[in-house]
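Participant: Below you'll find the structure I mean.
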Amino acid sequence: MKNKIGFIGLGNMGIHMANNLIKAGYHLQVYNRTEAKILELDQASVTVCKTPAEAATGVPILISMLSQDEVLRESTVGAEGILKTFPANAVHISMSTISPDTAEKLAKLHQQHGSKYIASPVFGRPEAAEAKKLFICISGDKDAKEIATPVLENLGQRIVDFGDKVGGANVVKVAGNFMILASLEIMAEAFTLAEKNGLDRVQVAEFFGSTIFNAPIYQNYGKLIANKQYEPVGFKASLGYKDARLAVKLAQLSQTPMPAATLAHDRLLSAVAKGWGDRDWVEGVGRGVSEDAGV
């Protein structure tokens with residue numbers, strides 16, 4: 001079948017990405033742990049698969065959008081993993097937020113198998129995925145990136161190449177998520193400081209977002225934090241905590257002191273410990289700061 005690709009992982013991001021690929025004319029061999037999620041897609045344009053291996057059968061390209069290193073590893077090399085059936089020279093586009101060392105290991109396993117693996121994590125919340133407004137980072141084998149690019153162009157507004165070392169894009173993703181998390185903490189503290197001193201935190205957020213912090217992160221997340229708007233959940237606090245752990249681990253491995261990363265890590269560790277793991281990371285940070293301040 002022409003334009004047939006594999007797709008694994010229909011979470012808050014993956015479901016929109018898969019839908020955009022279908023709209024672009026691709027037929028997807030889809031695997032998702034919760035099979036009912038596949039029913040949200042156009043059934044004429046999908047083949048429902050029972051395992052990652054089935055999703056990888058006979059396709060030139062497979063996209064995975066999975067949330068954890070361990071899940072991606074098992075889906076790739078497990079008893080029913082991608083490499084059991086993946087064709088020679090096929091390209092696995094991993095769009096997960098994982099550690100660079102996991103990406104390097106998986107790339108070597110693909111090479112031994114005769115296939116290719118590239119990293120392609122993204123920046124953007126679910127609404128950006130739905131609108132094809134993601135920023136896509138990419139790294140790895142040059143030829144594989146050329147094959148992947150026409151597919152990725154249907155998912156985002158910009159693709160930036162971070163070189164031939166496959167873990168490069170993952171370093172960028174870990175660094176970027178740390179920067180977002182640190183910004184959430186800064187905004188939550190600043191707006192709470194304003195609130196405790198008798199000011200309208202929403203007005204303060206709007207002022208900063210339109211002047212000296214005139215940037216999407218401060219405008220979009222700033223609005224959520226200022227309004228204490230924690231639903232719908234776009235990115236779970238538990239996943240933010242996972243990314244904070246990745247940042248701390250990478251800092252330790254590369255001997256890079258990152259005291260702000262430790263603070264951000266502990267903020268989300270606290271949120272998870274309080275039972276907020278399935279809540280948005282905006283709540284994990286914003287509500288945490290507000291409760292510390294007694295407001």
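The values are calculated or read from the model by the stated rules, or taken from the named source; none is laboratory data. All figures in this text were calculated on a predicted structure; none of them were measured in a lab. Ideal geometry is used to build each Cβ from the backbone, glycine not excepted, and the neighbour counts take in all protein chains shown.
Participant: Please give the helices (runs of 4 or more DSSP H) falling wholly within the range 1-91 in which 1 or more residues are in contact with a Gly (Cβ under 7 Å, 6 or more places away or on another chain).
Facilitator: 52-56, 69-77
Participant: Give the range 9-37 a look and list any residue that's of a type in the set (A, V, I, L, M) and within 14 Å of the chain's Cα centre (by Cα), or say none.
Facilitator: 10, 13, 15, 17
Participant: Next up: Within the range 133-167, can you find the residues that are part of a loop (DSSP other than H, G, I, E, B) and in contact with an Asp or Glu (Cβ under 9 Å, 6 or more places away or on another chain)?
Facilitator: Matches in the range 133-167: 133, 141, 164, 165, 166, 167.
Participant: Could you please let me know if residue 67 is under 25 Å from residue 251 (Cβ atoms), buried (at least 24 other Cβ atoms within 10 Å of the Cβ) and touching a helix residue (DSSP H, G or I) at 6+ places or on another chain (Cβ under 9 Å)?
Facilitator: Against the criterion (under 25 Å from residue 251 (Cβ atoms), buried (at least 24 other Cβ atoms within 10 Å of the Cβ) and touching a helix residue (DSSP H, G or I) at 6+ places or on another chain (Cβ under 9 Å)), residue 67 does not qualify.
Participant: Please determine whether any residue of the range 232-244 is buried (at least 16 other Cβ atoms within 10 Å of the Cβ), in contact with a His (Cβ under 7 Å, 6 or more places away or on another chain) and modelled with pLDDT of 95 or more.
Facilitator: yes
Participant: I'd like to verify a number: residues in the range 45-59 that are acidic (Asp, Glu) and either loosely packed, with under 14 Cβ neighbours inside 10 Å or touching a Pro at 6+ places or on another chain (Cβ under 6 Å) (or both), how many?
Facilitator: 0
Participant: Also: Given the criteria within 23 Å of residue 135 (Cα to Cα), modelled with pLDDT of 95 or more and of a type in the set (Val, Ile, Thr), does residue 282 qualify?
Facilitator: Answer is yes for this residue.
Participant: Failed condition for residue 135, given (1) of a type in the set (A, V, I, L, M, F, W, C); (2) within 25 Å of residue 250 (Cβ to Cβ); (3) touching a Ser or Thr at 6+ places or on another chain (Cβ under 9 Å), with all others met?
Facilitator: Failed condition: (3).
Participant: Taking the conditions exactly as written (outside the structural domain of residue 233 (by TED's automatic domain parsing), over 13 Å from the mean Cα position of the chain (by Cα) and touching a residue at least 40 places away in the same chain (Cβ under 8 Å)), does residue 98 satisfy them or not?
Facilitator: Judged against the criteria, residue 98 is not a match.
Participant: So which residues in the range 213-246 are within 14 Å of the chain's Cα centre (by Cα) and among the small types (Gly, Ala, Ser), if there are any at all?
Facilitator: Correct list: 234, 237, 238, 240, 244.
Participant: Follow-up. Quick check on my filter: what residues within the range 179-218 are within 24 Å of residue 247 (Cβ to Cβ), surrounded by fewer than 19 Cβ atoms within 10 Å (Cβ to Cβ) and either of a type outside the set (A, V, I, L, M, F, W, C) or assigned by TED's automatic domain parsing to the domain that holds residue 11 (or both)?
Facilitator: Those that are within 24 Å of residue 247 (Cβ to Cβ), surrounded by fewer than 19 Cβ atoms within 10 Å (Cβ to Cβ) and either of a type outside the set (A, V, I, L, M, F, W, C) or assigned by TED's automatic domain parsing to the domain that holds residue 11 (or both): 189, 216.
Participant: If you don't mind, another one. Tell me which residues, restricted to the range 3-44, are surrounded by fewer than 20 Cβ atoms within 10 Å (Cβ to Cβ), in contact with a strand residue (DSSP E or B) (Cβ under 8 Å, 6 or more places away or on another chain) and not aliphatic (A, V, I, L, M).
Facilitator: If the condition is that a residue be surrounded by fewer than 20 Cβ atoms within 10 Å (Cβ to Cβ), in contact with a strand residue (DSSP E or B) (Cβ under 8 Å, 6 or more places away or on another chain) and not aliphatic (A, V, I, L, M), then 3, 4, 27, 35 are the ones that fit.
Participant: Which one of these is small (Gly, Ala, Ser) and under 17 Å from the mean Cα position of the chain (by Cα): 188, 131?
Facilitator: One residue alone meets the criteria, 131.
Participant: Looking only at residues that are of a type outside the set (Lys, Arg), in a loop (DSSP other than H, G, I, E, B) and within 15 Å of the chain's Cα centre (by Cα) in the range 104-128, which one is modelled with the lowest pLDDT?
Facilitator: 124
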